[in-house]
1. For the condition β-branched (Val, Ile, Thr) and at pLDDT 95 or above, what is the one hit in THR225, THR180?
2. Go through (1) over 22 Å from HIS61 (Cα atoms); (2) within 20 Å of the chain's Cα centre (by Cα); (3) not β-branched (Val, Ile, Thr) and name the single condition PHE140 misses.
3. Could you tell me whether any residue of the range 82-89 is at pLDDT 95 or above, crowded, with 22+ Cβ neighbours inside 10 Å and not in a helix (DSSP H, G or I)?
4. Would a scan of the range 230-251 turn up a residue that is modelled with pLDDT of 90 or more, part of a loop (DSSP other than H, G, I, E, B) and either in contact with a Phe, Trp or Tyr (Cβ under 7 Å, 6 or more places away or on another chain) or among the polar types (S, T, N, Q) (or both)?
5. Considering each of ALA17, ALA92 in turn, give the residue that is part of a helix (DSSP H, G or I), touching a strand residue (DSSP E or B) at 6+ places or on another chain (Cβ under 6 Å) and of a type in the set (A, V, I, L, M).
6. Given (1) part of a helix (DSSP H, G or I); (2) over 15 Å from the mean Cα position of the chain (by Cα); (3) among the hydroxyl-bearing types (Ser, Thr, Tyr), where does THR126 come up short, assuming only one miss?
7. With respect to GLN133, is the statement that it is polar (S, T, N, Q), in contact with a strand residue (DSSP E or B) (Cβ under 7 Å, 6 or more places away or on another chain) and not assigned by TED's automatic domain parsing to the domain that holds ALA258 true?
8. All but one of (1) of a type outside the set (Phe, Trp, Tyr); (2) within 29 Å of LYS193 (Cβ to Cβ); (3) under 15 Å from the mean Cα position of the chain (by Cα) hold for ALA92, so report the exception by its number.
Amino acid sequence: MSRSLELFTLGGTAEYAARVGQELGVRLASVEERDFEDGEHKTRPRFAIEGVDAYVIHAVHGDARQSVNDKLCRLLFLLGTLKDHGATRVTAVLPYLCYARKDRRTQPQDPVTSRYVATLFEAIGTDRVMAIQVHNEAAFDNSFRVPARHIETTELFADHFATLAQREPIVAISPDAGGTKRVERFRRALEQKSGQPIESGFVEKYRSSGVVTGGALVGEVRNRTVIVLDDLIATGGTIMRAASACRAAGGTRVIAAATHGLSSQSAKPLFASGLFDEIVVTDSVPFVSDDESAPRRLVILPTAPLVAAAIGEAHAGT
């Protein structure tokens, strides 16, 4: 007897989860979320879930309503509840995975927070984890002892930029040396889809105790359209440094591209700087900016089809 597929979500990710459900032809399961006066909370499914194949879609990022830790805690409690009440398999589906950037020790006595978060998911009984475009795919794989699926967005960006690459010369740039593998995957995909040669490079960057240095550009950008590709935009500082280097080296147009648009008020200079002709992000998290001019230069790519495909394949055992 096949297990029924049930999709769950929590506040803050409901709209995104509904889009995934539409792709799958599955309605979101009913969940009760209760907050108590002292800040504690309770979440439970409103129906018997014994024997179901449960997928909980939740982007674990901080916003104006809830901190990243609050969202993580609520997610873990729901995953544990589903497991306790008989779900055959429980999968955490994470459009954005928190703490993934802290995946190694860079200072004495440093934590490896990404591994600690993985341990929490495992301890609560999670059977599988899926995440969109993590900071370091190898570290993500190594952190989990349960099956972990990385949902890559390379093809999504390559599809978006293929027509542009057929019209003008393109160079793909990583804003730091750590992202060169990601940019190389994008370069190959874009070259294949556009049928045009695509060059690549990176910008030197060093960070120590919160201080960023470096800025030398490795690669030829003169008289080319530059796509600066990263996994996320937080304050925008890293990608702006790279854009400045590309402008100074003669890049004709500069486009910022990142899977996760985690902007805040401090990201306002990203739009006000005049460095970018376009900023392309996905809908993995809501892109928040108080700059009124932002929407005119902002393109948001949908990831719900990618997530729905991954869930469908996992449910079918393919």
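1. Testing whether each residue is β-branched (Val, Ile, Thr) and at pLDDT 95 or above leaves just THR225.
2. It fails just one condition, (1).
3. Yes, the range 82-89 contains at least one residue that is at pLDDT 95 or above, crowded, with 22+ Cβ neighbours inside 10 Å and not in a helix (DSSP H, G or I).
4. No, every residue in the range 230-251 fails to be modelled with pLDDT of 90 or more, part of a loop (DSSP other than H, G, I, E, B) and either in contact with a Phe, Trp or Tyr (Cβ under 7 Å, 6 or more places away or on another chain) or among the polar types (S, T, N, Q) (or both).
5. Testing whether each residue is part of a helix (DSSP H, G or I), touching a strand residue (DSSP E or B) at 6+ places or on another chain (Cβ under 6 Å) and of a type in the set (A, V, I, L, M) leaves just ALA17.
6. Looking at each condition in turn, THR126 falls short on (1).
7. Values: polar (S, T, N, Q): yes; in contact with a strand residue (DSSP E or B) (Cβ under 7 Å, 6 or more places away or on another chain): yes; not assigned by TED's automatic domain parsing to the domain that holds ALA258: yes.
Judged against the criteria, GLN133 is a match.
8. It is condition (2) that ALA92 fails.
The values are calculated or read from the model by the stated rules, or taken from the named source; none is laboratory data. Given the structure is predicted, the values throughout are model-derived calculations rather than measurements. No Cβ is skipped: glycine too gets one built from the backbone with ideal geometry, and neighbour counts run over all protein chains shown.
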